[in-house]
Amino acid sequence: MLNIFARASVSRVTDPIGGWLLRIGLTPDAVTLIGTAGAVAASVWLFSTGHLVAGAVAVTVFVLFDLFDGAMARAQGGGTRFGVVLDATCDRIADGALFGAIAWYLFSVGDRSAAAAALVCLVSGQVISYVKARAEATGLSADGGFVERAERLIITLVGAFLAGLGVPYALPVALWLLAAGSVATVTQRLLAVRRAAKEESA
């Protein structure tokens, strides 16, 4: 949803930064790898050990690299096919590290219910992306949905940040809200693929 409503506004901020990164010699693929490595390291090191505020801030910083590599690709007239695959792969790795580390932390403090929600978010987030990729590979459309990657990250990182500040139940509520939205999005995308397939065969 945020991809639809906020893309133009975000691009006005990220495009100049993307141009500057190109001028200093970085490539979109390098920025993708730096952002992913940083997000994974911050998740594993900070979230899994309960440093929720620091983890939320650090992961947010590195997640922004995903916006900059897209801006750099646009400045070059479009990304390469390898770059598209690399970006999508790195997104899945970073998301897996984030939710895996949060689940680890929650299990370690005995909050099994919230840890289960984190695992639901991890799996459903991967499936949301897989449905789209598989649909596009067969020539069908599966865009949109209540919860895409931007929403998953915002809800999770805000919940973790507030929990780190001592707000009661902030992280469990965020995770269960996200889990429900993610499962609904999987259903939405499957229905969209089914509808597209029917329209194609009509």
- [ ] Please indicate, with yes or no, whether at least one residue in segment 195-202 is within 22 Å of the chain's Cα centre (by Cα) and surrounded by fewer than 19 Cβ atoms within 10 Å (Cβ to Cβ).
- [x] no
TODO: Among the residues of segment 42-68, write down those that are of a type in the set (Phe, Trp, Tyr) and free of Cβ contacts under 8 Å to residues at least 40 places away in the same chain.
DONE: 45, 62, 65
Task: Matching residues in segment 14-54 - criterion: being outside any helix (DSSP H, G or I) and of a type in the set (Phe, Trp, Tyr) - done: none
Task: helices (runs of 4 or more DSSP H) contained in segment 76-187 and holding at least 3 residues surrounded by fewer than 17 Cβ atoms within 10 Å (Cβ to Cβ) and not hydrophobic (A, V, I, L, M, F, W, C) - done: 81-108, 112-137
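This table checks each residue for (1) touching a residue at least 24 places away in the same chain (Cβ under 8 Å); (2) of a type outside the set (Gly, Ala, Ser).
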{"site": "109", "(1), (2)": "yes, yes"}
{"site": "144", "(1), (2)": "yes, no"}
{"site": "149", "(1), (2)": "yes, yes"}
{"site": "165", "(1), (2)": "yes, yes"}
{"site": "174", "(1), (2)": "no, no"}
{"site": "184", "(1), (2)": "yes, no"}
Task: Selected residue [small (Gly, Ala, Ser), at pLDDT 85 or above, closer than 22 Å to residue 125 by Cα and in contact with a Leu (Cβ under 8 Å, 6 or more places away or on another chain)] from 38, 55, 83 - done: 55
Task: Filter pass, residue 133 being within 24 Å of residue 196 (Cβ to Cβ) and of a type in the set (Gly, Ala, Ser) - done: yes
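The values are calculated or read from the model by the stated rules, or taken from the named source; none is laboratory data. Note that the coordinates shown come from a computational prediction; the quantities given were computed from them, not determined experimentally. Positions of Cβ are generated from backbone atoms using ideal geometry, with glycine treated the same way; all protein chains shown enter the neighbour counts.
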